[in-house]
1. Need pairs with beta-carbon distance below 9 Å; first residue farther than 10 Å from Met124 by Cα and within the range 157-181, second surrounded by fewer than 20 Cβ atoms within 10 Å (Cβ to Cβ) and basic (Lys, Arg); sequence gap 6+ or separate chains.
2. With the checklist (1) closer than 20 Å to Lys179 by Cα; (2) at pLDDT 90 or above; (3) of a type in the set (Asp, Glu) in hand, flag the one item Asp61 doesn't pass.
3. When the residues of the range 194-218 are narrowed to those that are of a type in the set (Val, Ile, Thr) and under 28 Å from Lys12 (Cβ atoms), which ends up surrounded by the most Cβ atoms within 10 Å (Cβ to Cβ)?
4. Scan the range 99-136 for residues that are in a helix (DSSP H, G or I), near the ligand (Cβ under 8 Å from one of its atoms) and either charged (D, E, K, R) or in contact with a Leu (Cβ under 8 Å, 6 or more places away or on another chain) (or both) and report the count.
5. What are the pairs, 6+ residues apart or on separate chains, where a residue within the range 75-98 that is assigned to a helix (DSSP H, G or I) has its Cβ under 6 Å from a residue that is of a type outside the set (Lys, Arg) and away from the ligand (no atom under 13 Å from the Cβ)?
6. Can you tell me how many residues in the range 185-211 are among the hydroxyl-bearing types (Ser, Thr, Tyr) and under 20 Å from Tyr234 (Cα atoms)?
7. If you check every pair at least six apart or on different chains, which have Cβ atoms under 6 Å apart with a residue in the range 103-115 that is closer than 10 Å to Asp25 by Cβ and in contact (Cβ under 8 Å) with a residue 12 or more places away in the chain first and a residue that is in a loop (DSSP other than H, G, I, E, B) and among the charged types (D, E, K, R) second?
8. Of all residues being over 16 Å from the mean Cα position of the chain (by Cα) and basic (Lys, Arg) in the range 247-285, which is modelled with the lowest pLDDT? Just the residue, please.
Amino acid sequence: MHFQWYPGHMTKAKRMMQENIKLIDLVIELVDARVPLSSRNPDIDELGKGKARLILLNKADLAEDRWNNEWKAYFESKGYSCVKVNSKKGGGLKSIQAVIQEACKEKIERDRRKGILNRPVRAMVVGIPNVGKSTFINSLAGKAAAKTGNKPGVTKGKQWIRLNKSVELLDTPGILWPKFEDQTVGLRLALIGSIKDEILNIEELASELIKFMTKNYSGVLADKYGINEDQDSYACLKEIAEQKHCLVRGNELDYVKASNLLLEDFRSGKLGRLTLEYPEVQDLA
Ligand code: G4P
């Protein structure tokens, strides 16, 4: 299967991000904890040069915690601040304010030396589509996110969400585009649902997931669907279709339905907490 990213409004998104990045002190970059490298675009390092950097391992609830900890240590060793979060449930958000202050301490100190006191840190959230940017902004800002809006008579400008007296967040997140030089990256992004399923061969994708699962999480599919894992991936998919009664026209097996069911179980965490790539060893899918 060949993965491709359809750029759409990519150029516009990039231009907007370049403009917005000038206004901020801190880049809050969301990555998917299940695929922390595949879900980041390395161009952000160039774009965010000179800014304080915070990486959030979002959807940490869906990834194995021991690997979340390894990834946190990995990013910290590269000089980023890093926090594990579950934006959907609010997990990990409490510690963020303190981490922001710590990540921006040089800027705060520079301000202080210039006699500028209490100027809030300005931050922008960035990440690839579907990584959880809006969910994160809404959970962190809570009621504050209820925008003041562009009232009639008020000049239209950037909207800042005041989190507290020391942090302001730009209300529009920056969209990063995934990189597809490596097809493994494409596969991992397709598995987590960041590439529209309509443009993929869903049975092939399910077969890749089965290969990954039987190799790295042996026994999980056998437990969940009562199948024999000791056969090729398409035979496993056939058994899943049988076990889950995925049928078309009365009694023909519906492989598309079985594939969607498997992918949905995986993406929603019903197969357990799973990590698809690991620091330094990145050839597992
Ligand atoms: P985006 O702005 O970066 O494009 O992403 P968005 O916030 O729209 O989130 C994409 C999906 O990821 C949403 O699911 C959202 O609920 C889910 N999500 C975000 N953060 C987390 C997290 O930390 N843990 C988990 N488990 N899920 C998270 P959805 O299916 O599109 O919507 P919904 O049915 O959940 O509302």
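The values are calculated or read from the model by the stated rules, or taken from the named source; none is laboratory data. What you see is a predicted model, and the numbers here were worked out from it, not measured in a lab. Quick reminder, even Gly has a Cβ in these numbers, built from the backbone with ideal geometry, and neighbours come from all protein chains shown.
1. So the pair list comes out as Gln159/Lys147; Ile161/Lys147; Ser166/Arg119; Val167/Arg122; Ile175/Lys14; Leu176/Lys14; Trp177/Lys14.
2. For Asp61, the exception is condition (1).
3. Kept after step one, since they are of a type in the set (Val, Ile, Thr), are these residues of the range 194-218: 195, 199, 202, 210, 214.
This time we only want the ones that are under 28 Å from Lys12 (Cβ atoms), so: 195, 199.
Working: Ile195: 23, Ile199: 11.
Filtering first and then ranking leaves Ile195.
4. Residues of the range 99-136 in a helix (DSSP H, G or I): 99-103, 105-113, 133-136.
Filter once more, keeping what is near the ligand (Cβ under 8 Å from one of its atoms): 133-136.
Subsequent filtering for residues that are either charged (D, E, K, R) or in contact with a Leu (Cβ under 8 Å, 6 or more places away or on another chain) (or both) retains 133, 136.
So the answer is 2.
5. Correct list of pairs: Phe75/Ile55; Phe75/Cys82; Glu76/Cys82.
6. 1
7. Going by the 6 Å Cβ cut-off, the qualifying pairs are Cys104/Asp25; Lys107/Asp25.
8. Arg249
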